[in-house]
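The values are calculated or read from the model by the stated rules, or taken from the named source; none is laboratory data. Keep in mind that what you see is a predicted model, and the values were worked out from it rather than measured. Reconstructed Cβ throughout: ideal geometry from the backbone, glycine too, with neighbour counts over all protein chains shown.
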């Protein structure tokens, strides 16, 4: 009773003896991945003899266990990353457009509460302000000479002595 079974993958026809040899090799742990694939295809046939039903159930169990052992990819993260990148691109685009549209910084000064935007007038006002502040290059040295160090120390110490 050497019934012939057909593989679905490449239409190779094998006998039940060859199928039994493949099963024995599988149970001993010596089959290659290709042989396991062929055995799996043989056991998936709809007109499989009754004696192979237990083997079919076990191969189906292990096939399901192999798939269950693989970690499932979390596919909910990918759309979230996609939306986050789109949002970041939109925000970046908005800031880019705003920076291009905004007015460039101008040179201006307030003179007597009035805004002056003429560059030459602003420079003249700035130079005048600087010249008023530092009219004499030795101004700091002159101020230091006005103070007598000994008198300052005595004044400071008199606070503590109560005089």
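Here are some conditions: (1) modelled with pLDDT of 85 or more; (2) closer than 30 Å to residue 12 by Cα; (3) exposed (fewer than 10 other Cβ atoms within 10 Å of the Cβ). Residue 50 meets all but one. Which one does it not meet?
(1)
For residue 100, work out the one condition from (1) modelled with pLDDT under 75; (2) surrounded by fewer than 10 Cβ atoms within 10 Å (Cβ to Cβ) it doesn't fulfil.
Among (1) modelled with pLDDT under 75; (2) surrounded by fewer than 10 Cβ atoms within 10 Å (Cβ to Cβ), the lone unmet condition for residue 100 is (1).
Let me confirm something: among 40, 27, 61, which residue is assigned to a helix (DSSP H, G or I), at pLDDT 85 or above and within 30 Å of residue 16 (Cβ to Cβ)?
Numbers: 40 fails: at pLDDT 85 or above; 61 fails: at pLDDT 85 or above.
Every option except 27 fails the conditions.
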